[in-house]
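Worksheet: one structure, shown below.
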Amino acid sequence: MQQFRTLFVAITLALTTLSAAFAASPAPAEGQNGMVVTAQHLASQVGIDVLKRGGNAVDAAVAVGYALAVVYPTAGNLGGGGFMTIRLKDGKTTFLDFRERAPLASTKTMYLDKDGNPIDGASTDGYLAIGTPGSVAGFETAREKYGTMERGELLAPAIELATEGFVLEPGDIASFANGNAMLAKDPAAAKIFLKDGKPLELGAKLVQTDLAKSLKAISEEGSSAFYKGEIADLIVKASEANGGILAKEDFEQYKVRELAPVQCSYRGYDIVSSPPPSSGGLVICEILNVLEGYPISYLGYGSAETIRLMVEAMRHAYVDRNTALGDPDFVENPVTRLTSKAYAEEIRSRIDPYRAGVSKALTINGGTESKETTHYSIIDKDGNAVAVTYTLNGSFGIGKVAEGTGILLNNEMDDFTIKPGVPNLYGLVQGEANAIEPRKSPLSSMSPTIVSKDGKPFMVIGSPGGSRIITITLEAIMNVIDHGMSLQEAIDAPRIHHQWLPDKVYMEPYALSPDTLRLLAGMGYDVGIDPDWTIWGEAAGILIGGKNLKEIEAGDGARYYGAIDSRASSGAAIGY
Ligand code: DON
């Protein structure tokens, strides 16, 4: 019997090792001189063209940012905000925060009724949901500080795509499907994104004349066209006419912050990612620090033991996220403590080896709706790497365009704590540190991340996905480093997620086998598929030196590999 068991274990291990070779994902895209991975193929091509013309990764990131605002309006934007993580060829890393800021007239209780209860839709649906946009200032700062090309050159492709239009392919139609009903309700948006009130059809050409005009103004005058000129005036006018509180002063005083990225190491790999006002990098580091103490590779992808440890690490990290973190200009974020190996050790000592933890016991301090953000990853011939995640928050933001601008506006204010204890769009239950205050940025989960090894870039990665951005990015990194998957497999592999509250383990269909589920249930875990959440992000990544760790270590891979999530409808990884 013992002999049989040993044989069984040996065969299983052999099959597990072999299975990587037979996984269902296609091979990642290859490149020798550069790689651009975005959620829309035309934008990826814009980025590659910039690299081919001699621009660096930051130039390409700026051109892609403007292009996505045209060809991927569900999340690409001028009216939202985001983050850019940069690793230059000399190893210097930096981070640009161009997230939205709360308008000057905002107040802590602005989304509550007279009884102190949240007003349905107030922080998500109308002009009151808008934070002062940061994307244009972010791209211009990136270009001025780290780019090499003229503004006009980087805006030209976006202007052309908006002026001439682009033909809608099935992936574009799919990304509009979520927004058509909402866009139809706003006359200015409906004029652009629908035809006679009906959704645009496959093969139709989407021309955006007003957006082209706004892009041209930015091209000619720089970001002051957006923050000091007619664009700001038109957005403020639309806001005033529709119950919003945006004022010209909000635009005039908007500033990009250049911050030090959060840094940590995982099994000898160096990770740089988003610092507050994002929780992303910090939470990824906290989870990785905890998991570093366990033999995850040996325990295996998707095993009950691996999942249990991941869930417990996530539970502890998300309670810290949701209770302790906020905009660094307003709250003291315990970054050093939360990313320390000593704190990870403390968390490990609190993990029960036999039973599921209980989220409610960890309180230290305190929909079917579609959701969209977008992430892109770029590397150039010199090894400069850029990871950008930017967003309108919900798909198409508030779904409204300020008349005359062609610009869709965000509903980022919902990322604040509307009321302590009340879940937001992503089910996040948050506390006072993330309360609304004028000029403050709401806490984000966006995690543009760059991993390096021995002083060389190793991986560029990130994703949309609301609160799941963090675990999506984390799992892609673990799948490459711990489980030896190719980049495409690592991104495509089914995911799990836990965010402290609700105290549930969410899984994608087929992520866990029935017997794994039984083992986890036996330990007290509530595991299931979330019927309200069908999209688990669209990761976009680059791996350097091989399509998987084995190839990288053997030194026999091509230079760059790129992969866009198989969950993405219109994206492309293009190398050259
Ligand atoms: O900053 C954040 O964390 C959210 N506003 C991101 C929203 C998002 O990822 C929606 N996409 N799926």
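The values are calculated or read from the model by the stated rules, or taken from the named source; none is laboratory data. Please read all numbers here as calculations on a predicted model, not as lab measurements. With ideal geometry, Cβ positions are generated from the backbone for all residues, glycine too; neighbour counts draw on all protein chains shown. Keep in mind that these areas ignore ligands, DNA and RNA; they rest on the heavy atoms of the full protein, side chains included. Shrake-Rupley method; radii C 1.70, N 1.55, O 1.52, S 1.80 Å.
How much accessible surface area, in Å² rounded to 10, belongs to the heavy atoms of GLU252 with a 1.4 Å probe?
90
Could you give the length gained on full extension between LYS255 and ALA27, defined as 0.36 nm per residue of separation minus the Cα-Cα distance, in nm? Intermediate values should be presented prior to the final figure.
Numbers: separation 228, 0.36 × 228 = 82.08 nm, distance 4.14 nm.
Length gained between LYS255 and ALA27: 77.9 nm.
In Å², and per residue, what accessible area does the stretch 434-576 have when probed at 1.4 Å with the other protein chains present? If you can, show how the numbers build up before the last one.
On the way: 4480 Å² over 143 residues.
Dividing the accessible area of the stretch 434-576 by its residue count gives 31 Å².
Using a 1.4 Å probe, how large is the accessible area of MET446, given in Å² and rounded to the nearest 10?
10
Show THR148, THR336 ordered by accessible area, largest first, where the area counts protein heavy atoms only and the probe is 1.4 Å. Each step should come with its number before you reach the end.
On the way: THR148 90, THR336 115 Å².
In descending accessible area the options line up as THR336, THR148.
Heavy atoms only, probe 1.4 Å: what % of the accessible area of the chain goes to carbon and sulfur, would you let me know?
Working: 11550 of 21130 Å².
The nonpolar share, carbon plus sulfur, comes to 55 percent.
Can you classify the stretch 386-451 as rounded, prolate or oblate using the Cα gyration tensor, where a ≥ b ≥ c are the square roots of its eigenvalues, rounded means a/c under 1.5, and otherwise it's prolate if a/b beats b/c and oblate if not? Could you put the intermediate results ahead of the total?
Values: a/c = 2.00, a/b = 1.22, b/c = 1.64.
Oblate.
Could you list log10 I(q)/I(0) for the stretch 497-576 at q = 0.11, 0.12, 0.27 Å⁻¹, which the Debye formula gives when each Cα is one point scatterer?
One equal scatterer on each Cα of the stretch 497-576 leads to -0.50, -0.58, -1.19.
Rank by packing, highest mean first: peptides 380-387, 429-436, with packing defined as the count of other Cβ atoms within 10 Å averaged across residues. If you can, show how the numbers build up before the last one.
Working: 380-387: 24.0, 429-436: 22.0.
Packing order, densest peptide first, comes out as 380-387, 429-436.
When the Cα centres of the stretch 305-341 and the stretch 436-472 are compared, how far apart do they sit, in Å?
Measuring centre to centre over Cα atoms gives 14 Å.
Give me the extension gain from ASP90 to TYR354: residue separation times 0.36 nm, minus the current Cα-Cα distance, reported in nm with one decimal. Walk me through the numbers before you get to the answer.
Working: separation 264, 0.36 × 264 = 95.04 nm, distance 4.64 nm.
So the extension gain works out to 90.4 nm.
In what sequence, highest mean first, do 563-571, 109-117 appear when ranked by Cβ atoms within 10 angstrom?
Working: 563-571: 23.6, 109-117: 12.6.
Output ranking for 563-571, 109-117: 563-571, 109-117.
Which values, in whole Å and largest first, are the semi-axes of the equivalent ellipsoid of the chain obtained as the square root of 5 times each eigenvalue of the Cα gyration tensor?
Working: eigenvalues 267, 154, 94 Å².
Calculated on Cα positions only, the semi-axes equal 37, 28, 22 Å.
Quick one: which residues, 5+ away or cross-chain, put their amide H under 5 Å from the amide H of SER445? H built at 1.01 Å from N.
Residues meeting the criterion, in which the H sits 1.01 Å from N, are SER279.
Pick out, from THR339, PRO133, TYR506, the residue whose Cα sits farthest towards the positive end of the charge dipole of the chain, with +1 on the Cβ of Lys and Arg and -1 on the Cβ of Asp and Glu.
THR339
What figure in square angstrom, to the nearest 10, would you give for the accessible area of TYR146 with a 1.4 Å probe?
Surface open to solvent at TYR146 totals about 40 Å².
For the stretch 312-470, what is the Kirkwood estimate of the hydrodynamic radius, computed as the reciprocal of the mean inverse distance between distinct Cα atoms, to one decimal in Å?
Working: mean 1/r = 0.0557 Å⁻¹.
Hydrodynamic radius (Kirkwood, Cα only) of the stretch 312-470 equals 18.0 Å.
Under the rule of at least 5 residues apart or a separate chain, name every residue whose amide H is placed under 5 Å from the amide H of VAL422.
Long-range HN contacts for VAL422: GLN430.
Dipole size in debye (nearest 20) for the stretch 484-574 around its Cα centre, Lys and Arg Cβ +1, Asp and Glu Cβ -1?
On the way: 7 positive and 13 negative charges, 30 e Å.
It comes to approximately 140 debye.
Please compute, over every Cα-Cα pair in the stretch 123-241, the percentage with a separation greater than 22 angstrom. Can you show the working numbers first?
Values: 3246 of 7021 pairs.
Within the stretch 123-241, distances greater than 22 Å cover 46 percent of Cα pairs.
Positive end of the charge dipole of the chain (Lys, Arg +1 and Asp, Glu -1 on Cβ, about the Cα centre): tell me which of PRO170, PRO28, ASN117 has its Cα farthest that way.
The one lying farthest along the dipole's positive direction is PRO28.
Among THR417, ALA189, SER273, which residue has its Cα furthest toward the positive end of the charge dipole of the chain, with +1 on Lys/Arg Cβ and -1 on Asp/Glu Cβ?
SER273
Taking all pairs of distinct Cα atoms, average 1/r, flip it, and tell me the Kirkwood hydrodynamic radius of the stretch 425-467 in Å to one decimal place.
Details: mean 1/r = 0.0755 Å⁻¹.
Evaluated over the stretch 425-467, this radius sits at 13.2 Å.
What does the charge dipole of the stretch 372-451 about its Cα centre add up to, to the nearest 20 debye, if the Cβ of each Lys and Arg holds +1 and the Cβ of each Asp and Glu holds -1?
Details: 5 positive and 9 negative charges, 17 e Å.
In debye, rounded to 20, the stretch 372-451 gives about 80.
Stretched out fully, how many nm does the piece from LYS145 to ASN242 gain, at 0.36 nm a residue minus the Cα gap? Intermediate results must be reported in sequence, preceding the final value.
On the way: separation 97, 0.36 × 97 = 34.92 nm, distance 3.69 nm.
My answer for the length gained is 31.2 nm.
Over the Cα atoms of the stretch 181-338, compute the convex hull volume and normalise it per residue, giving Å³.
Details: hull volume 36.3 nm³, N = 158.
With only Cα atoms used, the stretch 181-338 gives 230 Å³ per residue.
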